[in-house]
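Trainee: The structure under discussion is supplied below as structure tokens; questions concerning it will follow.
Bear in mind these aren't lab numbers, they're just calculated from the coordinates by the rules spelled out. Here the structure is a predicted model, which means the values were calculated and not measured. Don't worry about glycine lacking a Cβ; one is built from the backbone with ideal geometry, like all the others, and counts go over all protein chains shown.
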Amino acid sequence: MSVGQKPLRALLPASLLAAGLAIGLAAPARADMFPDNEARRAILDLRAQVTQNQQSTQNQLAQQAQQIQQIRNSLLDLSTQIEQMRSEMAQLRGKQDAATQQLNDALSKLQTSQQQLTQRLKPLEPVQVQINGQTYTVQPAEKAAFDQALATFRNGDFAGSATQLKAFLAQYPASPYDADAQYWLANAQYAQKQYKDAIATFQGLIQNSPNNPRLPEAMLGLANCQIEVRQISAARKTLNTLVQTYPQSEAAQAGRDRLAKLK
């Protein structure tokens, strides 16, 4: 190459050479830059997705943890309620046991009261008695009063018996013991030589109780009282009636003997 013909590189300024060199070097590097960017984007996208998945997982875990905590709280509340219910049931059992005991005590007291009341009322309950072969219902006090008056008579206290029999007839005017009470009263009066009173009592018995089994004896007693007060005609009439009406009675046999003596 001749001096007149210098190389192109020598003739170009240094700045242009540098620029051309830079362009030449940059061309292949820019061609390789695009695949790296896509990989980076993919990595970034993957990282973003992983981060998003992590956040989603964390959110789900947080929600699950919250739900688990809520379940735990619910279970704790339920356990507390169950314990309260157990306590209340225990209290109710205690109250029920106490109420049952009180009820049993009340029933026991009621049964005792009923037994005591029955014992108290027993002396007041009507009783059945046999009077001259027939059954009657009388009050216990009524029976006791008559039995007492009769016992007084049999003990020889005729005045006391007469007093008791009069009180009995006044207190129990409709008693089935009425005829017997009059009969024994008349005998008590006769024993005290109260013949006129005995006559009135015997006559009342004969008139008011014509079917009484003691009537023959009452007629004999009446005749004896009439004899004592010297009512001989009346006594004879009473004895005749006795013999004619009750001929088979022991009183009629005694009446016949009296009639024979009156003649």
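Trainee: Output ³J(HN,Hα) for region 152-157: one whole-Hz value per residue in order, computed from phi by the Karplus curve 6.51 cos²θ - 1.76 cosθ + 1.60 with θ = phi - 60°, and x for Gly and Pro.
Mentor: Values per residue, Gly and Pro as x: 5, 4, 5, 7, x, 8 Hz.
Trainee: Counting only other residues whose beta carbon sits under 13 Å from that of Asn132, what net charge do I get with K and R as +1, D and E as -1? Each step should come with its number before you reach the end.
Mentor: Details: positive: Arg214; negative: Asp178, Asp180, Glu217.
Local net charge: -2.
Trainee: Quick one: Debye curve from the C-alpha atoms of region 131-262, no solvent, what's log10 I(q)/I(0) at q = 0.21 Å⁻¹?
Mentor: Reported log10 I(q)/I(0), two decimals: -1.22.
Trainee: Looking at Gln164, Leu205, Leu150, which one has the Cα that reaches farthest to the positive end of the dipole of region 119-263 (charges on Cβ: Lys, Arg +1; Asp, Glu -1)?
Mentor: Leu205
Trainee: List the residues, sorted by chain then number, that are 5 or more residues from Ile131 or on another chain and whose placed amide H is less than 5 Å from its amide H.
Mentor: Tyr136
Trainee: Let me ask something else. Under a Cβ-Cβ cut-off of 12 Å, what is the net charge of the residues other than Gln226 that fall near it, where Lys and Arg count +1 and Asp and Glu count -1?
Mentor: Working: positive: Lys196, Arg230, Arg236, Lys237, Arg258; negative: Glu228.
Neighbour charge sum, excluding Gln226 itself: +4.
Trainee: OK, next. Output wanted: per-residue J couplings in Hz (rounded whole) for region 58-72, from phi through Karplus 6.51 cos²θ - 1.76 cosθ + 1.60, θ = phi - 60°, x for Gly and Pro.
Mentor: 4, 5, 5, 4, 5, 5, 4, 4, 5, 5, 4, 5, 4, 4, 4
Trainee: For region 96-113, take each phi angle, set θ = phi - 60°, evaluate the Karplus expression 6.51 cos²θ - 1.76 cosθ + 1.60, and give the result in whole Hz per residue in order, putting x for glycine and proline.
Mentor: Listing the rounded values in order: 5, 4, 5, 5, 4, 5, 4, 5, 5, 5, 5, 5, 5, 5, 5, 5, 5, 5 Hz.
Trainee: Of the listed pairs Lys109/Lys143; Lys166/Lys237; Lys193/Lys237; Lys166/Lys261; Lys237/Lys261, which have alpha-carbon separations greater than 26 Å here? Before the final figure, lay out each step's value.
Mentor: On the way: Lys109/Lys143 33 Å; Lys166/Lys237 28 Å; Lys193/Lys237 22 Å; Lys166/Lys261 34 Å; Lys237/Lys261 14 Å.
Lys109/Lys143; Lys166/Lys237; Lys166/Lys261, as the Cα separations exceed 26 Å there.
Trainee: Let me ask something else. Could you calculate the contour length gain from Ala151 to Ala99, that is, 0.36 nm times the residue separation minus the distance between their Cα atoms, to one decimal place in nm?
Mentor: Details: separation 52, 0.36 × 52 = 18.72 nm, distance 5.57 nm.
My answer for the length gained is 13.2 nm.
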